[in-house]
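S.K.: One structure coming up, written as structure tokens, with questions to follow.
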Amino acid sequence: MSMTNDEKHKAMSPFSPYSITGFLSKSLFKPNSQSYPLLLRTMSINSHAFAGNPIRSRTPKPSEPFSPQSALQTLKSLLLSQTHEPISPDFKVLPFRKGRPLAGSTTEGLKWHLGWLSLGECKAYLENSEVGLSDDSLVYLGWNHSEDVVYWAIDVSDASGLVNELGAKGFCFVELRTLMVATDWADSKAMGELAIAGHARALLEWHDTARFCGYCGAKTVPMEAGKRKQCSNELCKKRIYPRVDPVVIMLVIDKENDRALLSRQSRFVPRMWSCLAGFIEPGESLEEAVRRETWEEAGIEVGEVVYHSSQPWPVGPSSMPCQLMVGFFAYAKSLEINVDKVELEDAKWHNREDVKKALTSAEYRKAQKTAAAKVEQMCKGVEKGQNLSSDFNVESGELAPMFVPGPFAIAHHLISSWANPNASLSNL
Ligand SMILES: [Zn+2]
């Protein structure tokens, strides 16, 4: 499979018109070698979990009624007035509590959905609470032209009475990781809701951690409907933007393209193996980060580095509102593994057949259905506990000796792309 230089340039460009499917299937090749097969064919999903947010495909111009600026003006006048007249565009609000979005669930098909409230409902719920409904507390999320709706998020962590009040209506604040596992990855509407919730959580977490100016220590105030913040000190006025923490994640492959390096961290659930990953350091290119991390963690020297795809990851450590996982194939120049026991529990080369067995789709489907049933129970008020560690636990009657992260994680797609270069993920 070969591409002209022009095609390569187009496929690699961040402004490429190719969808992720097209991008991945067209751009992944082993440069300078005709003997290497195409590493990826097609993916049955259009984008990774948390990407492909349907309400932020573009930012409207300030003069448009859906823009953050116009919506904020409408919001201000609505909050001041007592009108109950229908407005255009309509507003919908997603409440969050301690990083968890409000969700409901339908018994039929066990599908969760986000707990959107109208502005009026939100006002009524918050009337006697500690949380003031104001243009400073609402954060702009995006818009949908065909529905004539602007979407907002609000942090209601301080309104403790809401849990029972909303619980009585069949709603529950659910951990985003639980929703992530519970999402049917073939259901594009559900994947869209997950992306919206991820974006909203990342923004609200950032608002919570960026309350003070890092330069002068004065309070910060939200600007542009919560899209950024600014220092309130007139002498400083520092502009502060939402934080993204880039991470490289790589599947290290041997020279013959026969074996892949998978590793275990002690925090992983038993039997789970995954790709190597690490934070990018200041002054470092992505390729350099891939080579440095692989050397530091596994003692393997990497030569060629080939980009695969990227995934927003708003479910990492709470100090990082949103990580950006940047995925690569990394071709090893050496084979001998020297594991850094501080970073990893173990790292091993695995042949393609063993890796294929680790991609046990029935187990992922089972985990997804179990998580979906759990969300439904929580929304019914039956299940109170939210045991996070169990959410990743893939359980099956027939235990595979090892498994890799589920289809919600970029690691899964890096690994499955390599293990099944000719297969579509639709059979997952
Ligand atoms: Zn300041």
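The values are calculated or read from the model by the stated rules, or taken from the named source; none is laboratory data. What you are looking at is a predicted structure, and each value in this text was computed from that prediction instead of being measured. Every residue, glycine as well, gets a Cβ built from its backbone with ideal geometry; the counts of neighbours run over all protein chains shown.
S.K.: Filter segment 228-256 down to residues that are in contact with a strand residue (DSSP E or B) (Cβ under 6 Å, 6 or more places away or on another chain), of a type in the set (Lys, Arg) and at negative phi, then give me how many there are.
M.R.: Qualifying residue count for the region: 3.
S.K.: Also: Out of the residues in segment 266-292 meeting the condition of being crowded, with 18+ Cβ neighbours inside 10 Å, part of a helix (DSSP H, G or I) and within 22 Å of the chain's Cα centre (by Cα), tell me which one is nearest to the ligand (Cβ to nearest atom).
M.R.: Per the stated criteria, the residue is Ala289.
S.K.: Name the residue, out of Leu133, Leu179, that is under 29 Å from Leu78 (Cβ atoms) and of a type outside the set (D, E, K, R).
M.R.: On inspection, the qualifying residue turns out to be Leu133.
S.K.: Contact list please: Cβ distance under 7 Å, first residue in segment 215-227 and more than 29 Å from Arg56 (Cα to Cα), second residue not in a strand (DSSP E or B), pairs at least six apart or on different chains.
M.R.: Close Cβ pairs satisfying both conditions: Tyr215/Cys236; Tyr215/Lys238; Cys216/Asn233; Cys216/Cys236; Ala218/Ser232; Ala218/Asn233; Ala218/Cys236.
S.K.: What are the residues in segment 307-333 that are of a type in the set (S, T, N, Q) and assigned to a loop (DSSP other than H, G, I, E, B), if any?
M.R.: Of everything in segment 307-333, those that are of a type in the set (S, T, N, Q) and assigned to a loop (DSSP other than H, G, I, E, B) turn out to be Ser318, Ser319.
S.K.: Given the conditions (1) modelled with pLDDT of 95 or more; (2) more than 16 Å from the ligand (Cβ to nearest atom); (3) basic (Lys, Arg), and given that Arg243 satisfies all but one, which numbered condition is not satisfied?
M.R.: (1)
S.K.: Right, something else. May I ask you to say which residue of Val248, Val269, Val174, Val181 is within 30 Å of Gly381 (Cβ to Cβ) and in the same structural domain as Ala419 (by TED's automatic domain parsing)?
M.R.: Checking each option against the conditions leaves just Val269.
S.K.: Tell me, yes or no, whether segment 215-224 has at least one residue that is modelled with pLDDT under 95 and more than 16 Å from the ligand (Cβ to nearest atom).
M.R.: yes
S.K.: If you take the residues in segment 316-332 that are aliphatic (A, V, I, L, M), in contact with a Lys or Arg (Cβ under 9 Å, 6 or more places away or on another chain) and modelled with pLDDT of 95 or more, which one is nearest to Ser417 (Cα to Cα)?
M.R.: The selected residue is Ala330.
S.K.: If you don't mind, there's one more thing I want to ask. Glu383 versus (1) over 14 Å from Glu175 (Cα atoms); (2) at pLDDT below 90: which is the lone unmet condition?
M.R.: The single condition Glu383 does not satisfy is (1).
S.K.: Separate question: For residues in segment 246-258 being of a type in the set (Asp, Glu) and either surrounded by 16 or more Cβ atoms within 10 Å (Cβ to Cβ) or without any contact (Cβ under 8 Å) to a residue 60 or more places away in the chain (or both), which is nearest to the ligand (Cβ to nearest atom)?
M.R.: Out of the qualifying residues, it is Asp254.
S.K.: Quick check on Val181: is it more than 16 Å from the ligand (Cβ to nearest atom), more than 22 Å from Ser47 (Cβ to Cβ) and crowded, with 22+ Cβ neighbours inside 10 Å?
M.R.: Judged against the criteria, Val181 is not a match.
Table: residues versus (1) assigned to a strand (DSSP E or B); (2) within 18 Å of Asn144 (Cβ to Cβ); (3) in contact (Cβ under 8 Å) with a residue 40 or more places away in the chain.
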residue	(1), (2), (3)
Leu79	no, no, yes
Glu85	no, no, no
Val93	yes, yes, yes
Phe96	yes, no, yes
Ser105	yes, no, yes
Glu108	no, no, no
Trp112	yes, no, yes
Tyr125	no, no, yes
Glu130	no, no, no
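S.K.: To continue, here is another question. Looking only at segment 230-239, decide whether some residue is within 16 Å of the ligand (Cβ to nearest atom), under 23 Å from the mean Cα position of the chain (by Cα) and of a type in the set (A, V, I, L, M, F, W, C).
M.R.: No, segment 230-239 contains no residue that is within 16 Å of the ligand (Cβ to nearest atom), under 23 Å from the mean Cα position of the chain (by Cα) and of a type in the set (A, V, I, L, M, F, W, C).
S.K.: For segment 193-207, state whether one or more residues are among the small types (Gly, Ala, Ser), at negative phi, within 16 Å of the ligand (Cβ to nearest atom) and within 21 Å of the chain's Cα centre (by Cα).
M.R.: Among the residues of segment 193-207, not one is among the small types (Gly, Ala, Ser), at negative phi, within 16 Å of the ligand (Cβ to nearest atom) and within 21 Å of the chain's Cα centre (by Cα), which makes the answer no.
S.K.: Next up: Given (1) part of a helix (DSSP H, G or I); (2) more than 19 Å from the chain's Cα centre (by Cα); (3) among the small types (Gly, Ala, Ser), identify the lone condition not met by Ala159.
M.R.: (1)
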